[in-house]
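**Student:** Provided herewith is a single structure, encoded as structure tokens, for subsequent inquiry.
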Amino acid sequence: MITFDAVSKRYPDGTVAVNELTMEIPSGSTTVLVGPSGCGKTTSLRMINRMIDPSAGRILIDGTDVTAVPASRLRRGIGYVIQNAGLFPHRTVLDNVATVPVLTGTPRAAARREAAALLERVGLDPALGRRYPAQLSGGQQQRVGVARALAADPPILLMDEPFSAVDPVVRTELQDELLRLQADLGKTIVFVTHDIDEAIKLGDRLAILAVGGRLAQFAAPSQVLAAPADDFVAGFVGRDRGYRALSFTAGDGIAVRPEPTIRIGDVPTGADWLLVTDDDGHPRGWVDAAAHPGGTPVAEADLRLGGTLLGPGGSVRTALDAALSSPSGRGVAVDADGRVTGSIRAADVFAVAERTARDEPGEPPVPAPAVLSKDRPA
Amino acid sequence: MNWAWIDSQWPTIWQEFGQHVWLSVLPVLIGLLLSIPIGALAHRYGWLRPPLVTLAGLTYTIPSLALFVVLPGLLGTKILDPINVVVALTLYTVALLVRTVADALDTVPDDVRQAALAMGYRPVRQLLAVDLPVAAPVIGAGVRVATVSNVSLVAIAALIGVPQLGSLFTQGFQEDFATPIIVGIVGCLVLALVLDLLIVLAIRLLTPWQRAGRIGRRGRSAAAAELAEVVGPAEVIG
């Protein structure tokens, strides 16, 4: 547990970056510090490993003041990932990852062996270990940055806007990778971002900071969306918050209706959209029977691809997207193996969404938000 | 050109060449070792930088002949002692390299520095293990300049009677005889070129990651070329 006890940071020019911040960051889960520029989120993060010293207040890790040990020793026990990875350009990827173990006295050969295993763990080919950082893509560099932070197996991982400098596709991959890693590792992660979507996706808890370093709300993402503490939070989470909150409601209650399917090579009949599957029942796409030349079999080229699929455990948001992204207006529901179980209609999804909003105004949804926040389109 | 003279004087010329080598190289090595801590201080403490850089600049403006003459008095050495030359050229090397080292350390990217701090490096180890290696290409460029500059400055020591290739110039002028002067010039040029080449090789050996970076850049320009084929060159340049 990381405790902020009335922590303030004032600079000599009078700027207050953090103002009387008191919060308890629980162990083994991800807490996201989120807020606009100038809210002191990075300053707060850097005070944990003493890259910045507070002007007032104390920071405790599991009850021990961070100033109790020399700063360099404290830092070796806390993983740190920064925006542009900050890899050492003169060292190979492997030696970058081995940095902290070598600093703490692990023999270089052993540290390199462990580093190679870590590369695999963060989704990189260990063969990349012999390269230099300049030979990697931005996304690969950031993965190396995560591996380097994990190398000494620290209980705490500080991440300062680690994914904001990569393109959206890579960012999503890295976020998913982090969720997967965290499910295995259960580190105490403190993550800084200005992106509320990223915060909602990754955080078990959000600490929403307002300009001037005031803690506006500290709660699970679902609760922040359902019941913003004040106008600042409401404004910051944005006008889409009602829609975003659908991510936290399970889509199990939505009626899945039978959907007739055909296969490639079949001749479509009727005047409606038909769902085409492969021989194992996996959805391949939709074909418009009305527009299809009569009497001819369906080929791959005739298919209009569907969008999001609703799998078991999918959220209402996923279900709504499945319905809206399908050319037929009917979202495809699949089982755990990805086989078609039927279709869902937007109207049915709305009915569930409406019922949820009415039943639980401002209440956090019942199931553990830690699990639901990781709910993503199947 | 009197080849017979060269032939007869070859042992002396060769000896003077050897003197010239160590009189130019030793000050570079000592000067580099001194410049690193001084440059690191100038880099780390902003207020120290203007006085240190100005002092270095002023040192370089002292005429070398004056320094060769004054130093024996200051050091208590004999006027003909080559130590005077080594000390004087070390001063010039430091004068050139303090600023280079400070500037080179400025080129270390901030995120690299922050990462090193966050990994738990203490200042001296960070300087030796991260900052200096990353700054090495820039420092190396400064060392090349200082070395070539020393090769030419050493020659002036002939005026106070310290033997090296410069002695061939004084001899040539005194005897109104061109051959030693030509030999001296060629000797200095060859030495400067060889030393420069050796430093370039040393930098290459010390910074394999720089060439790796170039491979990376080639990769990117190849990707840019592919892009150019797709969208046309104007868009890529724009």
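The values are calculated or read from the model by the stated rules, or taken from the named source; none is laboratory data. Given the structure is predicted, the values throughout are model-derived calculations rather than measurements. A quick note on method: Cβ atoms are made from the backbone with ideal geometry, for glycine too, and the neighbour counts reach across all protein chains shown. The area values use the complete protein model at the heavy-atom level, side chains included, leaving out ligands, DNA and RNA. Shrake-Rupley method; radii C 1.70, N 1.55, O 1.52, S 1.80 Å.
**Student:** Place the peptides A:310-316, A:198-204, A:345-351, A:265-271 in order of packing, highest mean first, counting for every residue the other Cβ atoms within 10 Å and averaging per peptide.
**Tutor:** Sorting A:310-316, A:198-204, A:345-351, A:265-271 by mean packing, highest first, produces A:198-204, A:310-316, A:345-351, A:265-271.
**Student:** Nearest 10 degrees, 0 to 90: what angle lies between the long axis of helix A:138-150 and the longest principal axis of chain A (Cα atoms)?
**Tutor:** It works out to around 50 degrees.
**Student:** Okay, next question. Between B:M1 and B:T54, what is the FRET efficiency for a Förster distance of 60 Å, r being their Cβ-Cβ separation, to the nearest 0.05?
**Tutor:** 0.80
**Student:** Further question: How many lysine pairs in chain A, separated by 8 or more positions in sequence or lying on different chains, have Cα atoms less than 21 Å apart?
**Tutor:** 6
**Student:** Sort B:Y121, B:Y45 from largest to smallest accessible area, using a 1.4 Å probe on the heavy atoms of the protein chains.
**Tutor:** Descending order: B:Y45, B:Y121.
**Student:** By DSSP, what percent of the beta bridges with both residues in the protein assembly as shown are antiparallel, rounded to the nearest 5?
**Tutor:** Here the share of antiparallel DSSP bridges comes out near 55 percent.
**Student:** Normalised by the residues of the range A:103-203, what does the relative contact order come to in percent, with Cα pairs under 8 Å and at least six apart?
**Tutor:** The normalised contact order for the range A:103-203 reaches 26 percent.
**Student:** Continuing with this model, one more query. How big is the accessible area of A:M1 in square angstrom, nearest 10, if you roll a 1.4 angstrom probe over the protein chains?
**Tutor:** Surface accessible to solvent at A:M1 totals approximately 80 Å².
**Student:** Restricting to the range A:261-373, compute how many DSSP beta bridges are antiparallel as a %, nearest 5.
**Tutor:** If we restrict to bridges inside the range A:261-373, about 70 percent are antiparallel.
**Student:** OK, next. For the range A:118-233, give me the percentage of DSSP beta bridges that are antiparallel, rounded to the nearest 5 percent.
**Tutor:** Among the beta bridges of the range A:118-233, antiparallel pairing accounts for roughly 50 percent.
**Student:** For peptide A:65-72, compute the average count of partner chain beta-carbon atoms within 10 Å of each residue's beta-carbon.
**Tutor:** 2
**Student:** Report the relative contact order of the range A:261-373, percent, no decimals, based on alpha-carbon pairs under 8 angstrom and at least 6 residues apart.
**Tutor:** About 18 percent, as a whole number.
**Student:** Report the extension gain between A:D5 and A:D230 in nm, rounded to one decimal, defined as 0.36 nm multiplied by the number of residues separating them, less their alpha carbon distance.
**Tutor:** Separation in residues times 0.36 nm, less the Cα-Cα distance, equals 78.7 nm.
**Student:** What accessible area per residue, rounded to a whole number of Å², is obtained for the protein assembly as shown using a probe radius of 1.4 Å?
**Tutor:** Spelled out: the 1.4 Å probe surface of the protein assembly as shown, per residue, equals 47 Å².
**Student:** If you don't mind, there's one more thing I want to ask. Net charge around A:T277, counting only other residues with Cβ within less than 9 Å of its Cβ (Lys, Arg = +1; Asp, Glu = -1)?
**Tutor:** Result for the local shell: 0.
**Student:** Given the -39500 (n - 2.57) contribution per DSSP H run of 4+ residues, what per-residue ellipticity at 222 nm results for chain A, rounded to the nearest 500 deg cm²/dmol?
**Tutor:** -9000 deg cm²/dmol
**Student:** Now, a different point. Counting only protein chains, not ligands or nucleic acids, how are A:H90, A:H194, B:H43 ordered by accessible area (probe 1.4 Å), most first?
**Tutor:** If we order A:H90, A:H194, B:H43 from most to least accessible, we get A:H194, B:H43, A:H90.
**Student:** Still on this structure, I have one more. Of A:H292, A:L310, A:V352, whose Cα points farthest to the positive end of the dipole of the range A:261-373 (charges on the beta-carbon: +1 Lys, Arg; -1 Asp, Glu; origin at the Cα centre)?
**Tutor:** Farthest towards the positive pole: A:V352.
**Student:** Let me ask something else. Given a 1.4 Å probe and heavy atoms of the protein chains only, how would you sort A:K9, B:K78, largest accessible area at the top?
**Tutor:** Largest accessible area first, the residues go B:K78, A:K9.
**Student:** Using +1 at the Cβ of each Lys and Arg and -1 at the Cβ of each Asp and Glu in the protein assembly as shown, identify which of A:A71, A:V340, A:L118 lies farthest towards the dipole's positive end.
**Tutor:** A:A71
**Student:** Can you work out the Karplus-derived ³J(HN,Hα) for every residue in the range B:104-119? Use 6.51 cos²θ - 1.76 cosθ + 1.60 with θ = phi - 60°, whole Hz, and x for glycine or proline.
**Tutor:** Running phi through 6.51 cos²θ - 1.76 cosθ + 1.60 with θ = phi - 60° gives 5, 5, 5, 7, 5, x, 4, 5, 5, 4, 4, 4, 4, 4, 5, 6 Hz.
**Student:** If you don't mind, there's one more thing I want to ask. What angle do you read, to the nearest 10 degrees and between 0 and 90, between the alpha-carbon axis of helix A:108-121 and the longest principal axis of chain A?
**Tutor:** For helix A:108-121, the angle is close to 30 degrees.
**Student:** While we're on this one: Using the Cα centre of the range A:246-365 as the reference point, and only Cβ charges (+1 on K/R, -1 on D/E), how large is the resulting charge dipole? Debye, rounded to the nearest 20.
**Tutor:** Approximately 240 debye in magnitude.
**Student:** Assign unit charges at the C-beta atoms only (+1 for Lys and Arg, -1 for Asp and Glu), then state the dipole size of the range A:2-248 relative to its Cα centre in Debye, rounded to the nearest 20.
**Tutor:** With Lys and Arg at +1 and Asp and Glu at -1, about 700 debye.
**Student:** Nearest 100 Å² is fine: what is the total accessible surface buried where chains A and B meet, probe 1.4 Å?
**Tutor:** 2100
**Student:** To the nearest 20 debye, what is the magnitude of the charge dipole of the protein assembly as shown about its Cα centre, counting +1 on the Cβ of each Lys and Arg and -1 on the Cβ of each Asp and Glu?
**Tutor:** Around 1660 debye, computed over the protein assembly as shown.
**Student:** Moving on to the next point. Residues of the range A:78-93 losing 50 Å² or more of accessible area relative to the isolated chain, 1.4 Å probe, heavy atoms only?
**Tutor:** A:F88, A:P89, A:H90
**Student:** Then there is this: Using a loss threshold of 10 Å², tell me which positions in the range A:103-141 are less accessible in the complex than in their chain alone. Probe radius 1.4 Å, ligands and nucleic acids ignored.
**Tutor:** A:L103, A:Y132, A:A134, A:Q135
**Student:** Around A:I189, which amide H atoms from residues at least 5 apart in sequence, or from another chain, sit under 5 Å from its own amide H, with H modelled in the peptide plane?
**Tutor:** The list, which skips near neighbours in sequence, is A:G28, A:S29, A:T30, A:T31, A:L157.
**Student:** Hey, what angle do you get for helix A:346-359 against the long axis of chain A, alpha-carbon based, 0 to 90 degrees rounded to 10?
**Tutor:** It is inclined by approximately 50 degrees.
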